[in-house]
1. Can you order the peptides A:137-144, B:141-148, A:163-170, A:78-85 by their average number of other Cβ atoms within 10 Å per residue, highest first?
2. If I fit a long axis through the Cα atoms of helix B:69-79 and take the longest principal axis of the Cα atoms of chain B, what angle between them do I get, 0 to 90°, rounded to 10?
3. How high is the FRET efficiency from residue A:25 to residue A:60, r the C-beta distance, R0 22 Å, rounded to 0.05?
4. How many percent of all Cα-Cα pairs in chain A sit more than 32 Å apart?
5. What is the order of B:371, B:138, fewest Cβ neighbours within 10 Å to most?
6. In degrees, nearest 10, range 0 to 90: what is the angle between the Cα axis of helix B:17-30 and the longest Cα principal axis of chain B?
7. From the square roots a ≥ b ≥ c of the eigenvalues of the alpha-carbon gyration tensor of region A:171-269, which class results: rounded (a/c under 1.5), prolate (a/b over b/c), or oblate?
8. From zero outward in steps of 5 Å, how is the percent of C-alpha pairs of region A:121-216 spread across the bins?
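Just so it is clear, none of the values below were taken in a lab; they were calculated from the coordinates. If you're wondering where the values come from, they're calculated on a predicted model, not measured in any experiment. Counting neighbours? That spans all protein chains shown, and the Cβs are built from the backbone with ideal geometry, glycine included.
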């Protein structure tokens, strides 16, 4: 094997033999997109290829006129001598791992992924490979997630408490993915409508159009002045935290749904009343299990605690390096990614 | 333990004092008496003796899980609290959920308190086994208990409010019953909440009424004539209790110091039974107070030799009368109590009442304070009752400059030169949302003996080491003086102090009594 199937360039992760990029951060002629979060899907590519289920979200991100091709899970595309296919990553709707093979060697780029069950997207599929490019957002053993359903029950209990005490419950979360997952998880437990911030409403519609069952939603922006939000659940992006937008809710409690909420200091530092541990990224076990499941001999780690993950892989006898990408993962500053 | 963990979470997640009071009231209503007693013990800032270092726990996690030590360290760097890190590492969501749930009092009395008798190997074996019985927040609390570092972000006042709510009694009654020493036994709650106010402890002092720093111009207080002005003495605030023929002297830190001051307790024998006096213990000679350090010599010595007594003579400067003839007189107006005080306790000097015709006149007297070796003036409303705790409005301390703050020692590192090897560079924090926020670094302003004592303490109570810097248990309170306070974007506290220095070691104060960041923020508005 003379050179790598995928290699890092200044524009992003590049496949020289297939002449395409995966999740590039500079304009390139041909981009394969793992999922529609802003750090993976950017404007200005000549063409986009992504999983069929993610086309709607990608179009919202990169524009109506963009050249987007949707592919079915596992559908084989040919790029010269290479075979490329998209496989569910379980991160958000339409999120995929991208498998690249030249018939001798298989590389898989995971994008962002999680192993836990999620009612709003297809579950992660283990794709055996030789080289696995994995995210490492939460690659520390302190990060361990309870099933989403357990956290959803905690959120519902918090909401019920708001109903009893007559205050609004403002839950901050990422606008794309997390918000819809919460609406999907809660739809199994209740049928009460939820208010959403203007930044969240459009992607909720895209999920619904794709056939994902979510709780009914109402737009905060469409309420009349003086509407009471007592006992209501409101989903908002974390950028709204501390803003005057919150004034309309009168008496309210705040919470943030994120993997970072596992650490007490992260919640206290930002002053949320509650922190719900809910992440769309793999936890420590999820990462290690997945690496083992793929059977990869070499691991390339990106985002987050990539050095930690690479070192653990090396200590367990694998080849492992870090890849200096420009992906953010789930930042604890609450940016939507 | 589950209920206590749930209470901790409820307290931890809110900044509303009402919500905290409600959470504690709910807990005390539902909890078994034996558990409630221990919960109260921890909520009021009492601690178990540290059984092991948190570093040791981290090593045991490494032993128990096979997780490499560097990975534990990486995790710690991300969490910032080693006891929490250990808890998170153990609280793996893929392990089976523990089913057993031992009540809090049994965790403490049957387990934690028995660990000390075991060999290190057996300690490790027991702790690792017990970890498996605990979940989430319980693991965190258990680790904090083992390392003697549990701190719940509630004040004694809030605990008192919660108990008063449960009992349907005035807060003052509960506050009084919480004073002095008590053991976390099952009948504690019953005694605290009992509607019948008679109680057996004759030594018990009343809660001290604490003045607030004057943060407005004095003339905003209205007519100067409505106020009783006194010097603000710089000694040890204390309560002298004479009941049933016995004399007890309590410091403000609720420590019995009866034996330390024989010249005071000797004179007190002549007091009528059923007398409680509030006053200040001062080292005093030739009509003026000696520096506070002289008084510390009296507290520090094991044996009070004639030389010590002669070198640091003390007086009890009386302020107020709280009990007369066995009757609680705290509700009487200050001037009435003062008159009674002079009648009941002629053997002690009463703090001089300064003539107070106008604020201008009082301002001038305040200017003499430094010369007289006092801290400024006290302003007490003549009609004020003797309240419990720090209540704004009736009692003010009108200190002379500099500004002062009571802060907790959080980090220490060795100095250089003459003091190299001794920890003389200190970092101090004040409370903000239940945590200590760093507000100042100061080089020692302490004497050599104090430095040596503090250095020994620091070495024995280090919680973490970062190179030469040691994080220490938040125990010791120091009064820092500084010249000015400014907003600062570069400091985490958002404030910067100008020329902070250690004025003294406040051995009479507990860490929980140190100042808050909010109280410092208020100073921003004060000219100076």
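1. A:137-144, B:141-148, A:163-170, A:78-85
2. Once rounded, the angle reads 50 degrees.
3. Here the calculated transfer efficiency is 0.70.
4. Roughly 29 percent, once rounded to a whole number.
5. So the residues, fewest neighbours to most, are B:371, B:138.
6. Taking Cα atoms only, the helix is inclined about 70 degrees.
7. Note, shape of region A:171-269 comes out oblate.
8. Values per bin, smallest distances first: 2, 10, 17, 20, 18, 14, 10, 5, 2, 1, 0, 0.
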